[in-house]
Amino acid sequence: MPRYVDVILPLPLRETFTYELEPKCPVLPQVGSRVVVPLGNTKTYTGIVVRLHDEEPAYATKRVLEVPDEPPVVQPAQLQFWRWIADYYLCSLGDVYKAALPGTLKKGSTAERKKPTAAKALPPKDAGDSTNAWRGFPLTDVQQQAMHSIEEQWQKHSVCLLHGVTSSGKTEIYIHLMQKAIEQGQQVLFMLPEIVLTAQLTERLRRVFGDRLGVYHSRHTDRQRVELYRRMLSDKPCDIVVGVRSSIFLPFRKLGLLIIDEEHETSFKQQDPAPRYHARNAALVLAAQHGAKALLGSATPSLESYHNALSGKYGLVTLRTRYAGMLLPDIEVVDAQEMQRKKMMTGIFTPQLLAHIRQALEQRKQVILFQNRRGYAPVMECRECGWTPRCQQCDVSLTVHRSLSRMVCHYCGTVYDIPTACPNCQGHDLSSRGYGTERIEQQLQSILPEARIARMDLDTTRSRQSYEQILHDFEQGNTDILIGTQMVTKGLDFDNVSLVGILSADQMLAQPDFRSYERAFQLMEQVAGRAGRKGARGHVLLQTRDAGNDIVQQVVAHDYEGMYRQQAEERELFRYPPFCRVVFVYLKHRNESVVESLAADMAALMRQVFGQRVLGPDTPPVGRVQLMHIRKLILKVELTASMSAVRQRLLALQAQVLEMKQYRTAQIHYDVDY
Ligand code: ADP
Ligand code: ZN
Ligand code: ZN
């Protein structure tokens, strides 16, 4: 019997920790088993065994306290995958472990073990026996052809990109491909961004696949997620998992097909906390590990994926027509600047948009209005002296939330009272500048008192039910106008929406970010796709003060290829993805002069190793968050470079600077493939 185990703990510290096993340990753990171990004098943690051995470490070891379950909860292939994530995204195995297992599995709590583990399949609505329930519509000829092309592409490429306009029936094609895969005894992972995984979609899939389908969603309770995880480990795992980004960490046995819908969605990238992984890219690595075929789908592919398709790395299949001969919506640009000059604006609304809204309501149609900003107003200002309230911990102005009668910092969440007088000049003329969804809702309600208006943004969808309720009400026609942030831009399939209004394209285009134009195009094209799905052609009104902007024109022409060509040209010229990889290096300290010199020192060291590939240091747009001053360096790495070599060098440099006394309390973290 081996004497020692090396264990991953849910901490961003060392790779592994060594513990001693009881000489007569009643249950011998295996690689991938959980063990409960002490750390320090008081703490205990549940860790994952990665190695059993007899090599006595140089330090005194503590003993394993408990082995909660004999069979491993993590498979060797999963551990290999975790290592890849830690290596590539420059984080610790402990960070990956934290993200990979649902909560109670990490606590090893007896409460979790007492629960019967037999996965209670959620009762499918009208599925019964899943094979009989299979009635998934027959594909149209065009869809059938696209499916054959995908299968053909898979002969040559393990990854295929399906570029299909909104409402072309991509989901129908996915369903047919999934059906084929499970008939061959393979497992399928179908990934979607958080906000697209609605009850509407899961019900559609459940009607087809019954209890062969498992859903892995962060809106589910921890117990539901543990149940699914355990079911995947059992000898009756789900054949199909529909899930959000963390579903890549489930224990698959024989993954045969990976589908990633809305593959361009930036929410597949986890920003904070570590592991800052890109679930799309990581999932492709998982698929390769299993030898599975992969399909990426989008109406507006990411520049990365489209580039890979054009360069022959991925297969490419294009669907240009919508289902049932529907036309893409026609898009009308309204010059908000001109309307303002002519003093014809009502708040944020141009007369054209108001006229179209009125017309839609008269025809008993529904309207979606999109504004990529929540809250009442992004800025409050004293008209006397120009003072604006800012967060005390972050370098940002506070967003006014009228419904809360408070101001909120959107970076750290701190809430402040709205001042009654300006603290600078004691003046009382405080006014709101700019428009968030809340203000738009209020304004529109006073213009159209009869209209039934709902708002969908982070503030109105905090509870699990409220999100589904808002969608349900809109679907049932209980709501005339739905105002929302990017939550309204995707995945929704409504029959009766004749008009979509994009209230302001300008703020999206003004983001200081190399992806802002690509993103603005994607958001506008996607929200436009909500108009006129069935029946008549939809209409989109796009308000902007920059009507000549190329992106605006490309949205009007539904010209994805044109957008791609122009953006790719710029990215190549200035060396940004997809022509190289970017690693952002964030340096943080409470004291601004310390972070300033730390950034300079780190930059100098990095330049010794990486030369011209290093940019910065710069202060990011929000230069202080939660009292920590931030500086940023950018490292541009050739696509062919080995990321594990880059990682080793960066971590060595990091150790070197953090050893200096003045930087001991500083933090450095990395963001790869932002
Ligand atoms: P996408 O995923 O490309 O946006 P969907 O698969 O959601 O498109 O299809 C859009 C709408 O058209 C859905 O309501 C869907 O049920 C319908 N539809 C698409 N293809 C078919 C088909 N072959 N038969 C019947 N309805 C279809
Ligand atoms: Zn003032
Ligand atoms: Zn703040």
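The values are calculated or read from the model by the stated rules, or taken from the named source; none is laboratory data. Predicted model only: the values in this text are computed from it and were never measured. Positions of Cβ are generated from backbone atoms using ideal geometry, with glycine treated the same way; all protein chains shown enter the neighbour counts. Remember, those area values only see protein heavy atoms, side chains included, never the ligands or the DNA or RNA. Shrake-Rupley method; radii C 1.70, N 1.55, O 1.52, S 1.80 Å.
At a 1.4 Å probe, what is the % contribution of carbon and sulfur to the accessible area of the chain?
48 percent
Taking amide H positions as placed 1.01 Å from N in the peptide plane, with prolines and chain starts having none, which residues 5 or more places from Leu295, or on another chain, fall under 5 Å of its amide H?
Residues meeting the criterion, in which the H sits 1.01 Å from N, are Cys160, Leu258, Ile259, Ile260.
Once you list every other residue whose beta carbon is under 9 Å from the beta carbon of His278, what net charge do they have if Lys and Arg are +1 and Asp and Glu are -1?
So the environment of His278 carries a net charge of +3.
Consider all pairwise Cα distances in the chain and report the whole-number % of them above 45 Å.
Across the chain, Cα pairs with separations above 45 Å total 25 percent.
List, in order, the whole-Hz ³J(HN,Hα) value for each residue of region 653-670 obtained from phi through the Karplus relation with A = 6.51, B = -1.76, C = 1.60 and θ = phi - 60°; use x for Gly and Pro.
5, 4, 4, 4, 6, 5, 6, 5, 3, 5, 10, 3, 9, 7, 10, 10, 9, 10
Taking H placed 1.01 Å from N in the peptide plane, check which residues at least 5 places from Gly434 or on another chain put their amide H under 5 Å from its amide H.
For Gly434, whose amide H was placed from the backbone, there are no distant partners under 5 Å.
Sort by residue number and report every cysteine in the chain with no other cysteine beta carbon within a distance under 4.7 Å.
Singleton cysteines: Cys25, Cys91, Cys160, Cys238, Cys412, Cys580.
What list of ³J(HN,Hα) couplings, whole Hz, do you get for region 424-430 from phi and the Karplus terms 6.51, -1.76, 1.60, once you set θ to phi - 60° and write x for glycine and proline?
8, 10, 6, x, 10, 8, 9
Enumerate the calculated ³J(HN,Hα) couplings along region 264-281 in order (Karplus 6.51 cos²θ - 1.76 cosθ + 1.60, θ = phi - 60°), each rounded to whole Hz, writing x wherever the residue is Gly or Pro.
Ordered by residue, 3J(HN,Hα) equals 7, 4, 6, 6, 5, 8, 7, 8, 9, x, 4, x, 8, 9, 9, 5, 5, 5 Hz.
Quick check for me: using +1 on Lys/Arg Cβ and -1 on Asp/Glu Cβ, what's the dipole size of region 378-465 about its Cα centre, in debye to the nearest 20?
About 260 debye.
Tell me whether region 278-436 comes out rounded, prolate or oblate; compute the Cα gyration tensor, take square roots of the eigenvalues as a ≥ b ≥ c, and use a/c under 1.5 as the rounded threshold.
Taking the square roots of the gyration eigenvalues as a ≥ b ≥ c, region 278-436 is oblate.
Might you tell me the accessible area per residue for the chain, computed with a 1.4 Å probe and given in Å²?
44 Å²
If R0 is 51 Å, what FRET efficiency do you get for Thr665 and Arg402 from their C-beta distance, rounded to 0.05?
0.80
To the nearest 0.05, what FRET efficiency results for Ser593 and Gln426 with a Förster distance of 45 Å applied to their C-beta separation?
The calculated FRET efficiency here is 0.85.
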